[in-house]
1. Over the whole of A:84-96, what's the average partner chain Cβ count within 10 Å per residue? Rounded to a whole number, please.
2. Rg/Rh for region A:165-322: what does it come to with C-alpha atoms and Rh from Kirkwood?
3. May I ask for log10 I(q)/I(0) of region A:14-236 at q = 0.12, 0.14 Å⁻¹, from a Debye sum over the Cα atoms as equal point scatterers with solvent left out?
4. Please report, in cubic angstrom per residue, the volume enclosed by the convex hull of the alpha-carbon atoms of region A:46-158.
5. On alpha-carbon atoms, Rg over Rh for region B:183-246 using Kirkwood Rh?
6. What is the fewest-to-most order of A:1, A:48 by other Cβ atoms lying within 10 Å of their Cβ?
7. Any chance you could list P(r) for the protein assembly as shown, counting all Cα-Cα pairs in 20 angstrom bins from zero, rounded to whole %?
8. Give the Rg (one decimal place) followed by the Dmax (whole number) of region A:281-322, computed from C-alpha coordinates and expressed in Å.
């Protein structure tokens, strides 16, 4: 029973919503346009840094959010500019390299004054303005089996806000994917040259998709940071790979694929970990080995998914870039 | 070209601006570095870094030659290649360490404790066998099913995630040392270097020459280059493309393992994610040299190694990987086919 509640708690946690957001962004890139963005964690990290550093400078919260989103938009322009004209795997290599560069810059001692180097920025340094907006009481609130703080850190307030943003962004994806604009993007995914021959500026459409997806990724980063802390190493390459796994799990190019994928991914990760710690004796699988063990399963899941069911749970095989 | 130059300038200005915001301490060390660079001590520092860069570049080349050959013959950007580097070093540690070792999920422990000269070749042999197994059970199946290249790339990402965490699960999170003795550094003119590093360099050069000989002078090597050039045509002229690719996978895994072992000796220890970290450098090197070009990986690796190490004369050392990745992005802007690659339409 405890395990079930743990799983449910993970399913509604703000971090799950944050990953759903970042995956919606990735869905704009990969699902809709067929762009291989392997650096979504870099967009998230830029959003986090932009937000947290602006708050530390004493700017109001809406300016901070805009700074975070603008950082991601500029990053998208810089990345897309040279690579969107090249073959798809070049974008993959450049985005992964650029995301690593952002992380290395964030870790670097030379910027410690702004980013706090490898130890990052503590949550208490930037969470206050958001928590002050909370209409929830400043105490632990129990709703059914769930017990969370009303306003602090991973709170009911943050849960409400993040899931509301997830719904908004999913709605935005649905609206845009079914607009003439979205149909052009799908056309690019299917056959770039055909769309080009119809007189559309493919480069510009790809760029727009890259920017929108990146900005939503940054939003995911900001909401993630509000529940945790800004830590460059938590947004490394594995994070991007998890995002890909959960997007493909839920179903790329669908409205609710990323949301379902995120919920399924994190719940099953919790389920596997709690089952393993409950049933496998600790001399066979020590508690410290649980994390790598479950991540091995994530990797294997990704491999099997891509080969045997690339459309995931909700997707349609015809709607895939590969 | 103009676009590329503009991006380069913007990036340079941006990085400089960010770094100067980083604090006065940084500025102070930077001016200090500049002033010392003018004196003879600075030249020594430069030569030493240049030398370190060549060593690192040679080790990087060992790892990335395989990556480039795989890309050349199959078109796959293999994201799991970094784990092959770690695996080679780790299996050597597994065989050589006097401490008790065990397999994951098996509750018993035992010691192997082979001498290093035996453990290292055995490690390379096991890694080569793993390359064979990998191609047999994963990649040849995917090729047979005609799985799209992008899907295969994501499969390799999944494999990388699984392997790196498996290695962490198996060997633990802390770096391990292959040999316990400390290699004393000796002074040769302006360069200080240990004997083990010198021997590593010789081994790396011999291995790279052997690869070059294989590709240039043997029948199998010529077949490999033919497949790399045009698989369909090679197949039509009677070359068994699938067995060539199998050999390439074995060679790539073996060379990566050798690179991993030498790297572990060079940096005195190897962690479970060192190969994963190295992967971006390998991609940078391979792209810089020319994706799929057999000698491109060597040229690219040496440049990346030297740039990464020499940049530490002016830039903070924790940014050396970021610098090398920056080079990769600039190269893609100016010359996407790399230094040795032929110009072709890539998008």
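Taken together, the values in this text are just the output of simple stated rules run on the coordinates, not laboratory data. None of the values given here were measured: they were computed from a predicted structure. No Cβ is skipped: glycine too gets one built from the backbone with ideal geometry, and neighbour counts run over all protein chains shown.
1. Taking all residues of A:84-96 together, the mean is 5.
2. 1.04
3. Debye intensities relative to I(0), on a log10 scale: -0.65, -0.85.
4. Dividing the Cα hull volume of region A:46-158 by its residues yields 144 Å³.
5. 1.33
6. Ranking A:1, A:48 by Cβ neighbours within 10 Å, fewest first, gives A:1, A:48.
7. With a bin width of 20 Å, the distribution comes to 18, 52, 28, 2.
8. According to the Cα coordinates of region A:281-322, Rg and Dmax are 15.3, 47 Å.
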